[in-house]
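To keep things clear, I will list the structure first and then write my remarks on it.
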């Protein structure tokens, strides 16, 4: 196996990312709205020192949100390329088909990290975090990005069309985000919601990011976070590759053509 | 394998649920041949190509490409074959160059090798000045040409063309065929073609007519035409029943489309002028000509014996 095809797939996604600068900039709008509107709004209900504390508390959460949206949308290109035919160019190439998934997930991770770096720079400029915290957030961000890419890959290989992906994403993305501890501490949730947080792999990414910010309460230990993130990512990527290698996944692509 | 076979299949079968798309297909295509698989829509032509190029797995049976078993090592098969899909496989938002560079990298061609090859192919297709152009700005024929260039970047031993000229106008179709001919001449690749435009298949070394997943009739186009009939007689008449009653005893049942009748005539000594006088005013027009591949197609799939008159 040579790396050239993998580099080609990843390179194509990267060149598209930087070509669509407007999209890149607009991807910064969502976390800013959360931070400034929700953060300030909810913060205003809190008292005194808790107000500043809530903004700091939100930093890992909105960073995780940026990673989640970026990675999921990037994994969507697995479905998008199928819809627009480019997937055929990859399917007929002399590489095992699971490499297509792996390449796309590498691209999704990198895309998420590019957006995360942009956000960190913005937060630095706004004075919400220090350089030290920004650096401490990098490694947890990479692990979270991989986990989000794996979630995206898992959804993508089971989506027959873009519409399909959009439906599943709406079903997934908000529960995954809201029930992760990104916006509020987990231990204050009612018990039945607490269980959902615990089985949500994204929660562990959020938690690991929280560990990097001083004075933010965390719910799990660093070891638990890392173990779950790596374990889930490996399993999810493995299942996504397996499902993608099955022919039935591509039946829509080819049956449409054999008309 | 005694002979140098580019493609061989034994009992190749594909089922989609209960539908039999390809039924026990046996093919032997020698290296360097220009082979045409012809048949109506939904006959299983594309499915056959997809099985031979590892895009879909056979339900049963086996196929070999250049002596390699298709199911044994799909990646090696994909290295050996080129496939030009019926629908474009290109990214419309990228330029010709970006598309072909991407495809070349997928075939693991080093950049300098890829560049040379892209230059070479684009000059065959007359697109060398358009290399940096976005795909959306090209005509349908030019996009198809880029699609074919993409399919042969890695110099495949066997090139599969699935309806390569579909939706193109006549000049573009002609130029696509010139390119394919040149590629065949220069690189000696075996070409496996499916097409609706039967006149285009006349250049094939061998054609097979395919329906409902089964081979119906095959051979060299020239021979098939000779075997079909000496002449095809086409008659347009306001009273088709009368003419059918009059001529069927002599020539056999015609293919009928409303007021148009088409008889196949085996004898090569028919006096058509005499016939014209006999029919007299009961016909509006008549003409006789040598058969072509369209006639073989019609007589294979729409003949009166088949009970399916179009």
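The values are calculated or read from the model by the stated rules, or taken from the named source; none is laboratory data. None of these values were measured; they are calculated from a predicted model. Reconstructed Cβ throughout: ideal geometry from the backbone, glycine too, with neighbour counts over all protein chains shown.
Assorted remarks:
- Flag not set for residue A:56, criterion: modelled with pLDDT of 90 or more, part of a helix (DSSP H, G or I) and away from chain B (no Cβ under 14 Å).
- Once the stretch B:96-114 is narrowed to residues that are free of Cβ contacts under 8 Å to residues at least 12 places away in the same chain and more than 15 Å from residue B:152 (Cβ to Cβ), the residue that is farthest from the other protein chains (Cβ to nearest Cβ) is B:112.
- A count restricted to the stretch B:184-222 and to residues that are assigned to a strand (DSSP E or B) and either at pLDDT below 85 or crowded, with 16+ Cβ neighbours inside 10 Å (or both) stands at 17.
- Enumeration of residues in the stretch A:157-208 that are more than 21 Å from residue A:80 (Cβ to Cβ), surrounded by fewer than 17 Cβ atoms within 10 Å (Cβ to Cβ) and in contact with a helix residue (DSSP H, G or I) (Cβ under 7 Å, 6 or more places away or on another chain): A:189, A:194
For (1) modelled with pLDDT of 95 or more; (2) within 14 Å of chain B (Cβ to nearest Cβ); (3) more than 21 Å from the chain's Cα centre (by Cα); (4) part of a loop (DSSP other than H, G, I, E, B), each residue gets a yes or a no:
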site: A:209; (1), (2), (3), (4): yes, no, no, no
site: A:214; (1), (2), (3), (4): no, no, yes, yes
site: A:219; (1), (2), (3), (4): no, no, no, yes
site: A:226; (1), (2), (3), (4): yes, no, no, no
site: A:230; (1), (2), (3), (4): yes, no, no, no
site: A:235; (1), (2), (3), (4): yes, no, no, no
site: A:243; (1), (2), (3), (4): no, no, no, no
site: A:248; (1), (2), (3), (4): no, yes, yes, no
site: A:259; (1), (2), (3), (4): no, yes, yes, yes
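- Residues that are crowded, with 19+ Cβ neighbours inside 10 Å and part of a helix (DSSP H, G or I) within the stretch B:144-176 comprise B:144, B:145, B:146, B:147, B:148, B:149, B:150, B:151, B:152, B:173, B:176, listed in sequence order.
- Test: residue in the stretch A:8-17 that is in contact with a helix residue (DSSP H, G or I) (Cβ under 9 Å, 6 or more places away or on another chain) and away from chain B (no Cβ under 14 Å): no
- Filtered residues of the stretch A:209-224 (kept if under 30 Å from residue A:102 (Cα atoms), touching a helix residue (DSSP H, G or I) at 6+ places or on another chain (Cβ under 8 Å) and without any contact (Cβ under 8 Å) to a residue 40 or more places away in the chain): A:220, A:222, A:224
- For beta carbons closer than 7 Å, sequence separation of 6+ or different chains, a first residue in the stretch A:78-90 that is within 11 Å of chain B (Cβ to nearest Cβ) and surrounded by fewer than 22 Cβ atoms within 10 Å (Cβ to Cβ) and a second that is at pLDDT below 90 and not in a helix (DSSP H, G or I), the qualifying pairs are A:85/B:87; A:85/B:88.
- Against the conditions (1) loosely packed, with under 14 Cβ neighbours inside 10 Å; (2) under 33 Å from the mean Cα position of the chain (by Cα), residue B:254 satisfies every one except (1).
- Taken over the stretch B:108-130, residues that are within 27 Å of residue B:75 (Cα to Cα), assigned to a loop (DSSP other than H, G, I, E, B) and in contact with a helix residue (DSSP H, G or I) (Cβ under 6 Å, 6 or more places away or on another chain) amount to 1.
- Selection within the stretch B:77-88 - at the interface with chain A (Cβ under 7 Å from one of its Cβ atoms) and closer than 18 Å to residue B:155 by Cα: B:78, B:79, B:83, B:85
- Every condition in (1) assigned to a loop (DSSP other than H, G, I, E, B); (2) more than 30 Å from residue A:14 (Cα to Cα); (3) within 14 Å of chain A (Cβ to nearest Cβ) is met by residue B:93 except one, and the failing one is (2).
- Among the residues of this structure, residue A:255 does not count as one that is assigned to a helix (DSSP H, G or I), away from chain B (no Cβ under 14 Å), within 30 Å of residue B:15 (Cβ to Cβ) and modelled with pLDDT under 95.
- Listed conditions (1) exposed (fewer than 14 other Cβ atoms within 10 Å of the Cβ); (2) at pLDDT below 85 are all met by residue B:241, apart from (2).
- Note on the stretch B:45-76: residues that are more than 8 Å from chain A (Cβ to nearest Cβ), surrounded by 21 or more Cβ atoms within 10 Å (Cβ to Cβ) and part of a loop (DSSP other than H, G, I, E, B) total 3.
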